[in-house]
Every structure is written in structure tokens, then in C-alpha cells.
Amino acid sequence: MLSEWIHLDSLLYRVIALMIAVLLHDGVQASVALLLGDRTAKEAGRLTLSPVPHMSVLGVLACLFGPFGWSKPVPVAPEKLRGNRKLSALAVYASGLLANLALGVLLWWVFFTVPFQTMDETIPLWASELIRGIVKWAYIFNLMFFILHLVPVYPTDLWKGLRLFMPNRWETVLEKYEKLGTAVLITIVITPLGQLLLNRCYESLTGIIMNLYSLA
């Protein structure tokens, strides 16, 4: 279905791009939570530039199937947040999403503005190809990270945001549902139908970004 995304020669770029998307997403969420009074993520070691505490084994393995992946959920304790706790928690969850989207928009501009061809004259060819590949795949991964976190299953940001407003009496049922969340994400990224839907979302979002730059 998306064979152009799963060639082994792009695997290194995909892993690096996933780490960039994860570090940005999780780092921003941990920072916003800390600013709003919740030190849970910081004390869990998630406010770091090391990718190790953030990475999920299954999330990294998803790279084998294309520009997909996820990290371990950033621990957030809404009861420790200042102000309206639900709104503050929503701000934390949304911050990571918006950071990935913002970086994706910026990387689109970089990819089509930086003169990579003339760069070959000043640095080795392999270095310019590496930079170009990382920029390209970091753009794709940040958009895909944004899209995946809008799927309403645990542990995505959309699910965690919706969970804040669900009645306590649903707790038992929701806990059972959440145990299937990772399996649902895996199914989405490895099946042709799931990949097709993600690709359509990616193409639509890319079209919106292109239109934004055409208006500038």
C-alpha cells in the first residue's frame, strides 16, 4: 500500500525523525505540566533530551511499517495542576500536539527553501543527503505524530483529553477499553486500510500547509 515509505534505506531517517518528534512532543508536555504546577513528569525523568526514557519498544518498531510511532505516555497528575484542573490538563495534552504541528509547518518551509544542491559544494555529499533526509522525514513524522494522537484510543492525547470529561461510573469499562488501545494503534499502522486512512489524513494536512504558504 505505502511501499515507498518502508524501504530499508530510509529506516535510519525514520528512526531519527521519530526521536525528534518524540523529544519535542514529550519535552513540551513535561515542560507545560511543570509550568502549571505538576512535577510528575519531571520527577519521572521525562524532562530530558535523552530519548531512552521516552521511547516505547512497540512505538519504535512501528517505524518498520512507515512513518509511524509513539512514545510512552507522559505522566500527568491533573489534581496537581493549578487553576481549572481539567482545562490545565487539556493545555498540557494539546501542547505536545501543537508543537509537532508547528515543527512540521516549519520543516516544510526549510525543505523547500534551503538550497541543498549548492550545499553539496561546501560539505560532503553524504552529509547534505543526510541533512535533507532528516528534514524530509522529520516533517513527515511530526505530521504523522500529530495525526496519530488524534485517534481516540489510549494512550493518545485526544483520548486523554476526552477521558477528563467522562463520568467516574464509566471507570471500569474505560480501563478495560484502554488495555486494547496499543493493540488498536498497532492494527492501524500495520494494516492496509489503517495506513490508507493515515495517508489520506497526511495528504490533507500537507495540502493545508501548502495553501498556507501560498497565501504568504
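The values are calculated or read from the model by the stated rules, or taken from the named source; none is laboratory data. As the structure is a computational prediction, the values presented were derived from the model and not from experiment. Note: ideal-geometry Cβ built from the backbone for every residue, glycine included; neighbour counts use all protein chains shown.
With respect to the conditions (1) surrounded by 19 or more Cβ atoms within 10 Å (Cβ to Cβ); (2) over 27 Å from T187 (Cα atoms), R14 falls short on a single one, namely (2). All told, L61 falls short of being modelled with pLDDT of 95 or more and either more than 21 Å from E43 (Cα to Cα) or not in a loop (DSSP other than H, G, I, E, B) (or both).
Looking at A30, is it out of contact with any helix residue (DSSP H, G or I) (no Cβ under 6 Å at 6 or more places or on another chain) and either assigned to a helix (DSSP H, G or I) or farther than 30 Å from M166 by Cα (or both)? In short, no. Could you say whether any residue in region 117-135 is of a type in the set (S, T, Y), touching a His at 6+ places or on another chain (Cβ under 9 Å) and crowded, with 18+ Cβ neighbours inside 10 Å? So far as region 117-135 goes, no, none of its residues is of a type in the set (S, T, Y), touching a His at 6+ places or on another chain (Cβ under 9 Å) and crowded, with 18+ Cβ neighbours inside 10 Å. Region 105-216 holds helices (runs of 4 or more DSSP H) entirely within its bounds, and those carrying 2 or more residues that are at pLDDT below 90 map to 116-119, 125-148, 171-178, 181-190, 192-215. Just to be sure before I move on: is P67 part of a loop (DSSP other than H, G, I, E, B), surrounded by fewer than 18 Cβ atoms within 10 Å (Cβ to Cβ) and within 14 Å of the chain's Cα centre (by Cα) in the structure I sent? Answer is no for this residue.
Name the single residue, out of those in region 160-187 being in contact (Cβ under 8 Å) with a residue 40 or more places away in the chain and within 23 Å of V60 (Cβ to Cβ), that is surrounded by the most Cβ atoms within 10 Å (Cβ to Cβ). Checking each candidate, the answer is L185. Could you go through region 16-23 and let me know if any residue there is at pLDDT 90 or above, more than 30 Å from S88 (Cβ to Cβ), out of contact with any strand residue (DSSP E or B) (no Cβ under 6 Å at 6 or more places or on another chain) and part of a helix (DSSP H, G or I). The answer is yes; a qualifying residue exists.
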